[in-house]
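Working notes, structure below.
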Amino acid sequence: MDKQEATDSRPNRVPRSGTATSREGQNPRASARGASQLLEAAERPTVTLKVIPFTSEDFVEATQPVFYAGGVVPQLDTVQVDSAVGGVFLGMGTQLKKYGTLLDLAERVALSAEHSRRFIHDITREL
């Protein structure tokens with residue numbers, strides 16, 4: 001199952017790293033395309049898009065891109081962490097707790113879903 005299938009099947013916690021998006025930022029057309037893809041994904045009922053602006057002083061992201069798939073049976077929750085050598089899947093309780101805590105912190109400082117969509121839309125217009 002890939003990330004698209006997982007987000008289509010049930011609600012998940014799927015942050016996309018700002019650093020991943022900024023790599024596309026070297027080309028305005030690629031940045032606009034990436035932003036449009038995020039806004040399109042946010043239209044799906046199982047996706048909530050929330051943004052943490054780089055100017056936020058309340059949260060400093062110092063991790064790789066993370067995909068947290070959680071559901072009704074917590075023992076089946078899985079975290080995929082992207083690394084230079086590929087994706088690594090984590091499922092131990094302590095690992096899940098660590099990434100769950102990180103995502104909880106991120107959600108607390110993130111803009112609301114509506115403000116996040118407006119934020120991305122405004123940036124896209126500037127490109």
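Assorted remarks:
- A count restricted to the stretch 53-98 and to residues that are farther than 30 Å from residue 121 by Cβ, assigned to a loop (DSSP other than H, G, I, E, B) and either of a type in the set (Phe, Trp, Tyr) or out of contact with any Ser or Thr (no Cβ under 7 Å at 6 or more places or on another chain) (or both) stands at 7.
- Filtering 19, 63, 94 for residues that are surrounded by fewer than 17 Cβ atoms within 10 Å (Cβ to Cβ), modelled with pLDDT of 85 or more and polar (S, T, N, Q) leaves a single hit, 94.
This table checks each residue for (1) closer than 26 Å to residue 32 by Cα; (2) more than 13 Å from the chain's Cα centre (by Cα).
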{"residue": "57", "(1), (2)": "yes, yes"}
{"residue": "64", "(1), (2)": "yes, no"}
{"residue": "72", "(1), (2)": "no, yes"}
{"residue": "81", "(1), (2)": "yes, no"}
{"residue": "106", "(1), (2)": "yes, no"}
{"residue": "114", "(1), (2)": "yes, yes"}
{"residue": "117", "(1), (2)": "yes, yes"}
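- Residues of the stretch 109-127 satisfying the condition of being in contact (Cβ under 8 Å) with a residue 40 or more places away in the chain and either assigned to a helix (DSSP H, G or I) or on the phi > 0 side of the Ramachandran plot (or both): 109, 113, 115, 116, 117, 119, 120, 121, 123, 124
The values are calculated or read from the model by the stated rules, or taken from the named source; none is laboratory data. In this text, all values refer to a predicted model and were calculated from it rather than measured experimentally. Heads up, the Cβs are rebuilt from the backbone with ideal geometry, glycines too, and the neighbour counts pull from every protein chain shown.
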